[in-house]
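J.: One structure follows; several queries about it will come next.
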Amino acid sequence: MFTRTYWRVKKYNILAWLYDVRRYYYRSKRFALADMLMNMSYLYLNPYYISRKFSERNKDASSNTYGETPLKSLEILVDHFNIIKPKKILELGCGRGKTLFWLADRFDVEVVGIEMVPFFVHQANRIKDICRYNNMKIYRGDMFSFNMSSFDLIYCYGTCFDDKQIKDLLYSFKMCQRKTKIVTISYPLEDYDKSFTTESYCEVSFPWGTTMAYLNSHSG
Ligand SMILES: C[S@@+](CC[C@H](N)C(=O)[O-])C[C@H]1O[C@@H](n2cnc3c(N)ncnc32)[C@H](O)[C@@H]1O
């Protein structure tokens, strides 16, 4: 249940918590409470294991390799991409919801997460209610059939999707408004479809190494 990867990521997260999260991101009391509740509720639970078990039980679920965006990396890409005040943010595959809580706090706008693992959704919704993130919605469901057309910022950390899944997402992205910005990790959308443009990119780090983040838009 607790593999070597789990302990490596755990160590990374503890160091990040000591040096970055606690120091810089706990200035928001609401985020601090949400983050501490999340840490406590997963103290003896391994999200990687939960995610893997869900995939094993649901053979039709999309390939599901769990991972989390470090808050420092999230902040780097928000700053580098000059994301000022989106109106409505969507996170595709929001996992435990940490990114979502941070985005809701940073921008104070409506944020929506879609996630297929029921336990993650249940826990995140409990924390959301306790901390009164009233402008947040977390749905249990499949991102590939989710209507994204009303969002102007979409975050997608889906590095393990296959080409077919990425093409399915491109179809949904094309239904969005022209001004919608889509942040992807590791690959730009224009590599799959030339009607997308890479507006900017920057290097970000994850527990497994560094990669590029891309700000994409659809030229219609
Ligand atoms: C790599 S994790 C990213 C977690 C979070 N977005 C972050 O950056 O910290 C990908 C998440 O997407 C979820 N996921 C994968 N396929 C999905 C699908 N078809 N619909 C909804 N969620 C999905 C997984 O369960 C997992 O929690």
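J.: Which residues, counting only those in the range 115-156, are of a type in the set (A, V, I, L, M), touching a residue at least 60 places away in the same chain (Cβ under 8 Å) and within 21 Å of Ile84 (Cα to Cα)?
T.: Leu153, Ile154
J.: Mind listing just one residue for me: the one in the range 86-120 that is in a loop (DSSP other than H, G, I, E, B) and within 6 Å of the ligand (Cβ to nearest atom) and, of those, surrounded by the most Cβ atoms within 10 Å (Cβ to Cβ)?
T.: The qualifying residue surrounded by the most Cβ atoms within 10 Å (Cβ to Cβ) is Cys94.
J.: Among the residues of the range 172-220 satisfying the criterion of being among the hydroxyl-bearing types (Ser, Thr, Tyr) and within 30 Å of Lys10 (Cα to Cα), which is surrounded by the most Cβ atoms within 10 Å (Cβ to Cβ)? I'd like the intermediate steps shown before the answer.
T.: As a first pass, look at the range 172-220 and keep what is among the hydroxyl-bearing types (Ser, Thr, Tyr): 172, 180, 184, 186-187, 192, 195, 197-198, 200-201, 205, 210-211, 214, 217, 219.
Still in the list and also within 30 Å of Lys10 (Cα to Cα): 184, 186-187, 201, 205, 210-211, 214.
Working: Thr184: 27, Ser186: 15, Tyr187: 16, Tyr201: 16, Ser205: 13, Thr210: 9, Thr211: 14, Tyr214: 23.
The selected residue is Thr184.
J.: Can you find a residue that is within 25 Å of Arg52 (Cα to Cα), touching a residue at least 40 places away in the same chain (Cβ under 8 Å), touching a Cys at 6+ places or on another chain (Cβ under 8 Å) and near the ligand (Cβ under 10 Å from one of its atoms) anywhere in the range 157-169?
T.: Scanning the range 157-169 turns up at least one residue that is within 25 Å of Arg52 (Cα to Cα), touching a residue at least 40 places away in the same chain (Cβ under 8 Å), touching a Cys at 6+ places or on another chain (Cβ under 8 Å) and near the ligand (Cβ under 10 Å from one of its atoms).
J.: Tyr201 passes all but one of (1) within 17 Å of Leu215 (Cβ to Cβ); (2) outside any strand (DSSP E or B); which number fails?
T.: (2)
J.: Out of the range 70-85, which residues are surrounded by fewer than 18 Cβ atoms within 10 Å (Cβ to Cβ) and either basic (Lys, Arg) or over 11 Å from Leu153 (Cβ atoms) (or both)?
T.: Within the range 70-85, Lys72, Glu75, Ile76, Asp79, His80, Asn82, Lys85 qualify.
J.: Let me ask something else. Being within 14 Å of the ligand (Cβ to nearest atom) and either touching a helix residue (DSSP H, G or I) at 6+ places or on another chain (Cβ under 6 Å) or over 27 Å from Asn134 (Cβ atoms) (or both) narrows it down to one of Leu71, Leu77, so name that one.
T.: Residue meeting the stated conditions: Leu71.
J.: If Asp79 passes every condition in (1) under 15 Å from the mean Cα position of the chain (by Cα); (2) closer than 23 Å to Pro207 by Cα; (3) among the charged types (D, E, K, R) but one, which one does it miss?
T.: Answer for Asp79: the failing condition is (1).
J.: If you don't mind, there's one more thing I want to ask. So if I check each of Tyr12, Tyr48, Tyr24, which one is farther than 28 Å from Ser150 by Cβ, in a helix (DSSP H, G or I) and away from the ligand (no atom under 15 Å from the Cβ)?
T.: So the residue among Tyr12, Tyr48, Tyr24 that is farther than 28 Å from Ser150 by Cβ, in a helix (DSSP H, G or I) and away from the ligand (no atom under 15 Å from the Cβ) is Tyr24.
J.: State the number of residues belonging to the range 122-148 that are within 10 Å of the ligand (Cβ to nearest atom) and either basic (Lys, Arg) or surrounded by 21 or more Cβ atoms within 10 Å (Cβ to Cβ) (or both).
T.: Final tally of qualifying residues: 2.
Rule-based calculations on the coordinates, nothing more; no lab input. Quick caveat: nothing in here was measured; it's all calculated off a predicted structure. Cβ sites come from the backbone with ideal geometry, for glycine too, and all protein chains shown count toward neighbours.
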